[in-house]
1. List the GluC sites (Glu not before Pro) within segment B:126-215 that DSSP assigns to loop and that have no more than 12 neighbouring Cβ atoms inside 10 Å.
2. Starting at the first residue of segment A:106-116, write each ³J(HN,Hα) from the Karplus equation 6.51 cos²θ - 1.76 cosθ + 1.60 with θ = phi - 60°, in whole Hz, x for Gly and Pro.
3. Charges only on Cβ, +1 for Lys and Arg, -1 for Asp and Glu: so what's the dipole of segment A:105-223 about the Cα centre, in debye to the nearest 20?
4. Amide H of A:L173: which non-local residues (sequence gap of 5 or more, or other chain) have their own amide H closer than 5 Å, using H built in the peptide plane?
5. Where does the charge balance sit around B:T253 when Lys and Arg score +1, Asp and Glu -1, over other residues with C-beta under 12 Å from its C-beta?
6. Please compute, for the alpha-carbon atoms of chain B, the extent along each of the three principal axes and give them in descending order in Å.
7. I need the chymotrypsin sites (Phe, Trp or Tyr not before Pro) found in segment B:162-267, filtered to DSSP loop residues with at most 16 other beta carbons within 10 Å of theirs.
8. Taking amide H positions as placed 1.01 Å from N in the peptide plane, with prolines and chain starts having none, which residues 5 or more places from A:L135, or on another chain, fall under 5 Å of its amide H?
Number of protein chains: 2
Amino acid sequence: MTHRFQSVTHEDVAAFRAILGEANVIFADPDRLAPYGTDESGHGHAASPEVVVKPQTAQGVGLVLAHCNRQRIPVTARGAGSGLAGGAIPLFGGVVVSFEKMSSILEIDTENLVAVVEPGVVTNDLCRRVAEHGLFYAGYPMSVESSFIGGNIACNAGGAKVIKYGATAAHVLGLEVVLASGEILQLGGKRRKDSSGYSLLRLMVGSEGTLGLITQATLRLIPQPGPTADLLVPFASTEDAVAAVPRAIMASTSMPSAVEFMDKLSMDHAMAYTGNHIALADEAEAFLIIQIEASSKDMLLDAYRPAGEACMEAGALDVFVADNPWASEKIWSIRRNCLEALRGIDPTVEGGDFVVPSTKIPAMMAFVRELSVAYR
Amino acid sequence: MTHRFQSVTHEDVAAFRAILGEANVIFADPDRLAPYGTDESGHGHAASPEVVVKPQTAQGVGLVLAHCNRQRIPVTARGAGSGLAGGAIPLFGGVVVSFEKMSSILEIDTENLVAVVEPGVVTNDLCRRVAEHGLFYAGYPMSVESSFIGGNIACNAGGAKVIKYGATAAHVLGLEVVLASGEILQLGGKRRKDSSGYSLLRLMVGSEGTLGLITQATLRLIPQPGPTADLLVPFASTEDAVAAVPRAIMASTSMPSAVEFMDKLSMDHAMAYTGNHIALADEAEAFLIIQIEASSKDMLLDAYRPAGEACMEAGALDVFVADNPWASEKIWSIRRNCLEALRGIDPTVEGGDFVVPSTKIPAMMAFVRELSVAYR
């Protein structure tokens, strides 16, 4: 495939420097280029870019893309590099467009309840900033401490709260996108509801930079939800855990904000890795984490009790309740650190996601176990 | 444009009858064809189809589309015909594919919390059926009594609850779609979260039959929300009403499930038309309808009081509270019957939607008033 593309020449680099300024172009410096060749999917996957450019405006992005398009130089967009899907890896060399210098929260509009941001904003920084206004950005990925909002949009990140609030796509009202030609498109805007024409906005979300590069996003905000309780629930089998999910959801007065499944192996390693040990039933083989939002602190017990009771009726071995931020963080740090914990044992472990209907989880786990025996 | 298309011949009709059966093809019968030539946007917009076909399977749809594609016969898909956007009007004649005979709820999956439906299901029937299982379909259009779910998806219908739950797109997890070639595509499925590849699913939603015809949909269900209260709030000006919106939302402990704006003219006519008179301040020029969900009957007052108080602080003239289904229906029947009420006065009134950020509503209303004077 690579023969379809051209290598970067000194003339190309000179053009990029003229467009973006000397300081925003990295070339012929392997040590500085190397970090732009990987993501979090594992160090087995890497490919060095020839050039890294760091535009500060959509116009800059447009001029770089138009140049690359004319010269047939491959382009790979990069946010924080926290993805697991390889979207940021410059497989064909060429130019990496890093959005690290487009990191401004341009507007928090408390009348229309939207935020307008550049793609390099760290999602957690956005969450903190809108919280100062009593607002909440619900497209909340698991890698929230480091990932950029542009990357979240480009791969339609899911994350912990997807079951109640939907993946990132549900929260993107508008995008500014630069096409390969350099043309700058405005899609959507500050409107809650917009059904005219094809949803190019929704097509861009999840397209991982292959249809265009995101240079600005208008995001839906909602009022900050009330306090949450997290239930960590051990079960004797995967089947029991999965069968409890709809029962716990139906017992809750509203949709839980998160329902996560973990197997015993991941749980044990992640507890050891984080040092966050929680005394759980020895015979537990599978775990659910269920997060319930209440309208106020007073309502918290009433909010989570029905879900906990439904789990017990469905065969849970116990229900561990975290109803304060410290206990919750203990549970979620275990969940977040699964991959790192497994890498502590075997650094070649690869990260990735796959998705099945919840009723298919037992069959999937059985299949994974078969594979792990076959390829031991 | 019409020269690009062919007219339907007797051979074409014979082919359709061979594919679908005699009873599922209407031809050369103006009285029976005429109802398939309009939607709810107004009788000024109509165009008779040459043939109406009523397939009962995706395979039938595929064979008809493949035939039409070969013969260059234009095809228009039709649900209930309750749209306001003209999507169901066969502007170029040809074939109308009516989904009235594909009206089965195929599955209500209470484990994965999804429904699998054919496109001709009346949305309200779906809502009632899933409610029997304690479930809720949140893509709830204003025309819910008559519209088909396939049409809701094809035009990404918004409706009353869009502010909390999003438009129809937010609730579509999977689609079976027939392309012009006759090929049957399966997009998505019973998965809550799915980010692999371009979202052709989301591109199909809102494409109004121009990219393919929907023959089956997998829909996200959630637990039935608790009881609701509806606030009907009069304001002295459009500006006051709009400024109150974010304050009422922020005062609520969760996102209101609906926030609708109405002007005095529409309100007066709709009250007269429905016979549902509500005593409101004489000096009111603009109205908000705000719907708040509570987790239980006991919590209803606590749930809506902050929103009502926020409206009063923002200059509301009064707050009329409907906290039972009869009073709520009184308010919503007024809202739903606006268009019909205006047609009672002038039958040539056209229906349609346009969408602006809420802060732009005062400027929009002023512009509409200017237009109404200029074109009186």
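Only the coordinates and a few stated rules stand behind these numbers; no lab work does. Just so it is clear, the structure is predicted and the values come from calculations on it, not from any experiment. Reconstructed Cβ throughout: ideal geometry from the backbone, glycine too, with neighbour counts over all protein chains shown.
1. Numbers: sites: B:E132, B:E145, B:E176, B:E183, B:E208; in loops: B:E132, B:E145, B:E183, B:E208.
Those that pass, being in a loop and sparsely packed, are B:E132, B:E183.
2. My calculation for segment A:106-116 gives 6, 7, 10, 8, 7, 8, 8, 6, 9, 10, 10 Hz in order.
3. Details: 10 positive and 11 negative charges, 100 e Å.
Roughly 480 debye for segment A:105-223.
4. A:T218, A:L219, A:R220
5. Working: positive: A:K297, B:R305; negative: A:E293, A:D298, B:E293, B:D302.
So the environment of B:T253 carries a net charge of -2.
6. Computed over chain B, the largest-to-smallest principal extents equal 69, 55, 36 Å.
7. Listed in order of number, the matching sites are B:Y198.
8. Counting only residues 5 or more places away or on other chains, the set is A:Q224.
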